[in-house]
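J.: Before we start, here is the structure in question, set down as structure tokens.
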Amino acid sequence: MAEAAGVPAESLAGCRARAARTVLDQVVLPGEELLLPEQEDGEGPGGAGERPLRLNAAARSRGRVVCGPGLRRCGDRLLVTKCGRLRHKEPGSGSGGGVYWVDSQQKRYVPVKGDHVIGIVTAKSGDIFKVDVGGSEPASLSYLAFEGATKRNRPNVQVGDLIYGQFVVANKDMEPEMVCIDSCGRANGMGVIGQDGLLFKVTLGLIRKL
């Protein structure tokens, strides 16, 4: 009985793993494992076929694969965590890899590292601003995370101001953290948005299309 019960479970696991290139722009379900072509194969193109994506440091690959919303790295595997359509964006260099994510229609925004967002300053807590970005909890923004900001030269940020910035920390176990500077320390258009204008909410699907 134990052997008979184990066979359907193995076949179910095999059916759950699908090649990503065959399901692009198709619906994927939570718990599925994606199989991607190896970026570097010792036997040449097509020698080893499809294998689970190697995400550890020991694996050699020509291209970097970035996991976007709806996907999670679990050891050497790439698992689907949301129901939606699988999307892929090729890198600009064309060297393989790229960005994979699941496009789903959800109401609440989930912060992702590197995303550029607009938030509302809701409170000041010491040297930290709390910014409402539409997620489950507010993001933190340090007063030093502005171009040219020092302990003496603090930015003029008030409660109710609109902030345009990007996430540098976005983890399900940690509070999201924003900055208003790029990797070179420049604002690059980020910071406090002026008084003129109108802010209104739209769906996440429209934002991704824009």
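J.: 5 Å is the cut-off here: which amide hydrogens, built 1.01 Å from N in the peptide plane, fall below it relative to Leu35, excluding neighbours closer than 5 in sequence?
T.: Those lying under 5 Å, H to H, from Leu35 are Arg18, Ala19, Ala20.
J.: A further question follows. Order these peptides, 182-194, 122-134, 138-150, by their mean beta-carbon neighbour count within 10 angstrom, highest first. If you can, show how the numbers build up before the last one.
T.: Working: 182-194: 13.0, 122-134: 15.1, 138-150: 17.5.
Highest to lowest by the protection proxy: 138-150, 122-134, 182-194.
J.: Right, another one. In square angstrom, what is the accessible area per residue of the range 127-210 with a 1.4 angstrom probe? Mind dumping the intermediate values first?
T.: Values: 5570 Å² over 84 residues.
The answer is 66 Å² per residue.
J.: Another question, then. Suppose R0 equals 22 Å; then what is the FRET efficiency for Lys201 and Glu33 from their Cβ-Cβ distance, rounded to the nearest 0.05?
T.: Numbers: r = 35 Å, r/R0 = 1.59.
Efficiency, rounded to the nearest 0.05: 0.05.
J.: If I model a spin label at Arg85 and Leu210 as a point 7 Å from the Cα along the Cα→Cβ vector, what separation in nanometres do I get?
T.: 2.0 nm
J.: Please list 3J(HN,Hα) in residue order for the range 31-36, calculated via the Karplus relation 6.51 cos²θ - 1.76 cosθ + 1.60 where θ = phi - 60°; whole Hz, with x for glycine and proline.
T.: Going residue by residue, I get x, 6, 10, 8, 10, 10 Hz, with x marking Gly and Pro.
J.: Using a 7 Å offset from the Cα along the Cα-to-Cβ direction at both Val99 and Leu144, what is the distance between the two label points in nm, to one decimal?
T.: About 2.9 nm separates the two model spin labels.
The values are calculated or read from the model by the stated rules, or taken from the named source; none is laboratory data. Here the structure is a predicted model, which is why all the values come from computation and not from measurement. A quick note on method: Cβ atoms are made from the backbone with ideal geometry, for glycine too, and the neighbour counts reach across all protein chains shown. Note: accessible area is taken over every heavy atom of the protein model, side chains too, but ligands, DNA and RNA are not part of it. Shrake-Rupley method; radii C 1.70, N 1.55, O 1.52, S 1.80 Å.
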